[in-house]
Amino acid sequence: MTDKRVVRPYGDTTGDGMVQVSFTLPVPHDKKAEGAALQLAGKMGLEPALLVHAKQMGSAHTFFVVYGSVRHLVELDKVQVVERDFPLLSPKEVNAVVKRRLRRKLVVVGACIGTDAHTVGIDAILNVKGFAGEKGLEYYRELRVVNLGAQVAVPDLVERARTERADAVLVSQVVTQRDAHLHNTREMSAAFREALPVARRPLLVVGGPRFDESMAGDLGVDRIFSRGTTPAEVASYLVNALIETPRSGRTAAA
Ligand code: B12
């Protein structure tokens, strides 16, 4: 059932519209800089805006926190998100599906690509120690995990996926400066499309805290996972997409 409610931010009292934003301006900290921050806040629709915090960073930049009221309304029935459209399985259930239906181990190759060295996210999904109290994919008896680590070049990833006969390739992108995560993901998906026919192409999954999960089609990947993803969600998605409901043209048959 759709939620017809219209809500506003909550600060001191219900519906007062209060929000807090932070930003940096390329000016040293003085009275004028604080005025500049308030001018920006006003133009962003914060009215009235209060300066909560200002701190000079280096010789020519100031970091600000501004608190103020916005008039905007949130219409809950117009909110669009990517909902989980597969059942959440336990490791035991994932192993059982792979064993019964695939009758070999499901192969997962993971990496951080480009210059990105933030491996904590992909390790949270892949390493045995896992994340949020869940064990990572290495713990799953019927999965074989190859974790290539940081700063893997796209051609090396494609080659390794091919030699390992990967069913799925899991890529992490944390740095978003100059949209690096988007460029790298597009480069990666294009390289797989060029190197392998659809029937042999692994499932392409990317993850990272600043991805928009609705951009999978645009980036040429099968699925995007964002902040707070847990290993069980990923394992459940893999068996669903590769075994339970494989896309046309590709099977993960034995
Ligand atoms: C730890 C850290 C580092 C460590 C990384 C160590 C390591 N081995 O990973 C070190 C010190 C090396 C580092 C370096 C840098 N860092 Co740094 N780093 C961080 C920090 C503090 C935490 C990141 C982290 O570990 N999060 C915890 C994990 C568990 O969360 P996660 O990555 O979001 O992963 C979860 C989900 O996103 C998802 N997920 C992630 N990947 C994948 C992949 C798949 C397939 C799936 C399914 C899911 C998934 O699942 C995970 C579990 O839920 C962040 C700030 C922050 N608080 O987030 C900055 C941050 C990411 N770093 C930043 C920057 C700028 C850098 C440097 C460029 C700094 C510099 N000038 O040198 C360098 C870049 C190095 C490089 N070449 O990449 C910026 C990025 C800004 C931007 N717009 O891109 C941040 C946001 C800090 C900031 N506020 O400025 N960093």
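Condition check: open to solvent by 40 Å² or more (accessible area, probe 1.4 Å), under 19 Å from S226 (Cα atoms), more than 10 Å from the ligand (Cβ to nearest atom) and not hydroxyl-bearing (S, T, Y). Does K135 satisfy that? So K135 fits the description; yes.
Every residue, every condition in (1) closer than 29 Å to A216 by Cβ; (2) assigned to a strand (DSSP E or B); (3) open to solvent by 90 Å² or more (accessible area, probe 1.4 Å), yes or no:
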{"position": "D3", "(1), (2), (3)": "yes, no, no"}
{"position": "P9", "(1), (2), (3)": "no, no, no"}
{"position": "G15", "(1), (2), (3)": "no, no, no"}
{"position": "L46", "(1), (2), (3)": "no, no, no"}
{"position": "K55", "(1), (2), (3)": "no, yes, yes"}
{"position": "H72", "(1), (2), (3)": "yes, no, yes"}
{"position": "Q80", "(1), (2), (3)": "yes, no, yes"}
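Within region 93-132, being within 15 Å of the ligand (Cβ to nearest atom), of a type in the set (V, I, T) and within 22 Å of L242 (Cβ to Cβ) holds for V94, V107, V108, V109, I113, I122, I125, V128. Meeting the requirement of 2 or more residues that are away from the ligand (no atom under 14 Å from the Cβ) and of a type in the set (D, E), the helices (runs of 4 or more DSSP H) wholly within region 149-254 are 154-164, 180-195.
In the condition set (1) open to solvent by less than 80 Å² (accessible area, probe 1.4 Å); (2) within 28 Å of the chain's Cα centre (by Cα); (3) without any contact (Cβ under 8 Å) to a residue 40 or more places away in the chain, K105 is compliant with all but (1). I'd like to check something: does region 60-79 contain any residue that is in contact with a Phe, Trp or Tyr (Cβ under 9 Å, 6 or more places away or on another chain), away from the ligand (no atom under 15 Å from the Cβ) and farther than 26 Å from R201 by Cα? Yes, region 60-79 has at least one match.
The values are calculated or read from the model by the stated rules, or taken from the named source; none is laboratory data. Computed from a predicted structure; not experimentally measured. Here Cβ is always computed from backbone atoms with ideal geometry, including for glycine, and neighbour counts include all displayed protein chains. These accessible areas exclude ligands, DNA and RNA; they are computed on the full protein's heavy atoms, side chains included. Shrake-Rupley method; radii C 1.70, N 1.55, O 1.52, S 1.80 Å.
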